[in-house]
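One structure below.
Every number here is computed from the coordinates shown, using simple stated rules; none is lab data. All values reported here derive from a predicted model rather than from experimental measurement. Note: ideal-geometry Cβ built from the backbone for every residue, glycine included; neighbour counts use all protein chains shown.
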């Protein structure tokens, strides 16, 4: 990529450092979208041996780019996001992707389409990582930052996204155990 085009793309992506998510960090501040994307990419790297048949470099690319649409809309929690919100985010994201030079424009469009269809193993792994990281982050945050409905949500969210994989199902169960322990500990305080 030509240096000016690279800088332009990075300036847009930098917005994710300031775009905060619904989740809080263990230190008590709002998590940024960039931090979430980084950690799901790290998760994909760490589980690569569990999926020898998958193109984990592709999964990591999916993880890195999956929330770039939030550069334009900010983060809207999944339980508040409407179809209109999703349509707006996709329209703005694709308008930006169309300004990128080839081969990045075509590669990113293909990745976004694969991610949306969620039919390939790689897309399923990416989506599971995306959902699981949110639950992990909630477990790391103070319970005072949770909304009432999140107690149940943290016990069930992403179960449908991991069904295809015994490993990810076991990981989801371990995360659920952490949630249950966190809630129980708070009851005993």
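Express the relative contact order of segment 3-187 as a whole percentage, based on alpha carbon pairs under 8 Å and six or more residues apart in sequence.
23 percent
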task = Please sort 53-62, 79-88, 169-178 by packing, taking for each peptide the average over its residues of neighbouring beta carbons within 10 angstrom, highest first.
result = 53-62, 169-178, 79-88
ask   = Given labels modelled 7 Å from the Cα in the Cβ direction, how far is it in nm from residue 120 to residue 186?
value = 3.9 nm
inquiry  = How far apart, in nanometres, would the label points at residue 169 and residue 94 be if each is projected 7 angstrom from Cα along the Cα-to-Cβ direction?
reply    = 3.5 nm
message = Could you work out how much longer the chain between residue 84 and residue 106 gets when fully extended? Use 0.36 nm per residue separation minus the Cα distance between them, nm to one decimal.
response = 5.4 nm
inquiry  = Rounding to the nearest 10 and keeping the result within 0 to 90°, find how far the Cα-based axis of helix 33-46 lies from the longest principal axis of the chain.
reply    = 80 degrees
ask   = What is the helix-to-structure angle for 166-187, meaning the angle in degrees between its Cα long axis and the longest Cα principal axis of the chain, kept from 0 to 90 and rounded to the nearest 10?
value = 50 degrees
